[in-house]
Amino acid sequence: MNTFSAPGTDVPSAQVPVPDYPMARAARCPFDPPPALHALQDQAPISRVRLWDGSTPWLVTRYDDVRALLADPRISSDSTLPHYPHLSPAQKERRRQSRTFINMDDPEHARLRRMVTATFSIRQVEALRPAIQKIVDGLIDTMLAEPKPVDLVQGFALPVPSLVICELLGVPYADHDFFQANSKILIKRTSTVEQARVATQQLLYYLDQQIGVKLAHPADDVLSTLAERVRADELSRHEAASMGMLLLTAGHETTANMIALGTLALLQNPDQLARLRESDDPKAVASAVEELLRYLSIVHSGRRRVALEDIEVGGVTIRAGEGVVLSNDVANRDPAAFPDPDQLDIDSNPRHHVAFGFGVHQCLGQPLARVELQVVYSTLYRRIPTLKLAVDLDEIPFKHDGNVYGVYELPVTW
């Protein structure tokens with residue numbers, strides 16, 4: 001039996017087993033973190049867990065500790081460091097082939113991130129709201145014209161962010177089947193190293209070709225901006241392709257899962273859905289988005305880091321060189337930070353949640369995700385007020401094998 005050091009000591013405690021991470025989610029409620037995570041948060045909020053490769057990094061589960069460490073410069077995002085707690089063999093392979101600014105520290109992280117920050121600023125994203133509204137309305141029109149039931153994932157949740165990110169990046173939407181299929185391989189914990197290698201190579205080759213197109217025919221899009229950096233010798237072609245791959249895959253997978261899973265959560269909480277549907281107040285819609293982000297926290301793999309120095313937190317000393325997993329999903333259910341955290345309350349407006357992370361590595365695309373979700377949640381349920389599940393809850397296939405949580409299908413009718 002693996003053991004970990006008792007909190008505040010360096011003495012192994014044979015009575016304390018090291019649990020495997022991630023833990024299985026509870027069948028009783030597919031939206032809640034695993035009971036084992038809640039137990040750790042209550043009894044051993046900073047403790048060792050065992051990963052797929054046998055390593056035993058520290059798992060941090062309380063909100064205050066997670067937020068403090070995400071903002072601490074003594075903790076590193078550099079995925080090339082020894083003892084970095086990789087998500088899976090597939091993710092380790094992907095990062096070997098394609099390292100981006102999310103797995104770098106400043107100043108390199110800041111240098112690369114600044115190249116695309118303007119596109120995802122609040123002002124720039126707000127200017128896209130009418131175009132996003134048009135996309136959402138058009139997809140709803142198509143759904144309403146189709147035979148029922150409809151799979152909300154394929155018919156709506158995936159196309160909304162895919163169309164938006166393709167337009168922003170300057171990637172042909174006609175290629176969406178290709179990049180969605182390869183993205184799914186990269187975010188599944190069960191993918192093999194060879195599958196990850198091939199998927200990464202295919203996406204990098206595709207984005208490199210797209211950069212080549214923009215070098216010859218620049219346009220008003222992100223890939224053209226990256227191509228211009230290549231022309232100025234500020235980026236290599238590989239770096240530009242890697243950054244494009246990050247934005248393309250992250251830009252549709254997370255939001256698509258939030259649209260479908262958020263809809264399911266609302267359908268399971270009809271009082272909350274009714275309040276959202278009946279409100280025309282943009283602030284109320286924004287509050288609902290923040291609460292759904294907190295409540296669902298779809299990135300269930302935690303933020304991964306390595307300590308650069310000894311760090312004292314919550315009565316525990318994390319030694320230099322040790323891996324750290326910051327569990328944002330259970331941190332967003334911490335009763336010390338959120339009253340009655342296991343209840344969905346769309347009026348609570350919990351803007352201090354850590355669904356997008358915190359600190360310098362906070363999600364670059366969060367303004368875009370917020371606007372997309374605000375448009376979807378304020379439109380879909382008003383235009384289809386009788387929307388309901390077409391199957392029982394226990395028939396819905398959840399993404400228990402993924403690093404981004406959601407549903408594979410969501411059959412709905414009205």
Can you send over the carbon and sulfur percentage of the accessible area for the chain, probe radius 1.4 Å, protein chains only? 53 percent
Measuring from label point to label point, each 7 Å out along Cα→Cβ, what is the LYS134 to ASP401 span in nm? 4.0 nm
Rounded to one decimal in nm, the spacing of the 7 Å Cα→Cβ label points at ALA24 and HIS83 is 3.2 nm
Simple spin-label estimate for GLU312/ALA181, 7 Å along Cα→Cβ, in nm, reads 5.6 nm
So what is the relative contact order for region 295-385, in percent, with contacts set as C-alpha pairs under 8 Å and at least six apart? 24 percent
Convex hull per residue volume in Å³, alpha carbons only, for the chain: 135 Å³
Can you give the charge dipole size of the chain about its Cα centre, rounded to the nearest 20 debye, using +1 on the beta carbon of Lys and Arg and -1 on the beta carbon of Asp and Glu? 540 debye
Residue-normalised accessible area of the chain, expressed per residue, 1.4 Å probe, Å²: 42 Å²
Multiplying the sequence separation of TRP414 and ALA219 by 0.36 nm and subtracting their Cα-Cα distance, what value in nm do you get? 66.0 nm
Given H placed on each backbone N at 1.01 Å, which residues far from VAL407 in sequence or on other chains put an amide H within less than 5 Å of it? LEU261, LYS399
Dipole axis of the chain (+1 Lys, Arg; -1 Asp, Glu on Cβ), positive-most option in LEU393, GLN366, PRO335: GLN366
Per-residue [θ]222 nm for the chain (sum of -39500 (n - 2.57) over DSSP H runs n ≥ 4, rounded to 500): -14500 deg cm²/dmol
About the Cα centre, charge dipole magnitude for region 354-414 (Lys/Arg +1, Asp/Glu -1 at Cβ), debye: 400 debye
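Full extension from ASP271 to SER55: what is 0.36 nm times the residue separation minus their Cα-Cα distance, to one decimal in nm?
Length gained between ASP271 and SER55: 73.3 nm.
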Mind checking the log10 I(q)/I(0) for region 279-414 at q = 0.12, 0.14, 0.21 Å⁻¹? Debye, one equal scatterer per Cα, no solvent, two decimals. -0.62, -0.81, -1.45
For LEU144, put the label point 7 Å out on the Cα→Cβ axis and report which residues of region 362-402 keep their amide N under 19 Å from it. 375-389
Taking placed amide H atoms and a strict 5 Å upper bound, the residues 5 or more places from GLY402 or on another chain that come that close are ARG189
Which pairs, out of LYS184/LYS214; LYS92/LYS148; LYS184/LYS388; LYS134/LYS188, put more than 30 Å between their alpha-carbon atoms? LYS92/LYS148; LYS134/LYS188
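The values are calculated or read from the model by the stated rules, or taken from the named source; none is laboratory data. Keep in mind that this is a model prediction, so the values were computed, not measured. Cβ atoms come from the backbone with ideal geometry, glycine included; neighbour counts cover every protein chain shown. Just so you know, the surface numbers come from the protein's heavy atoms only, side chains and all, with ligands and any DNA or RNA stripped out. Shrake-Rupley method; radii C 1.70, N 1.55, O 1.52, S 1.80 Å.
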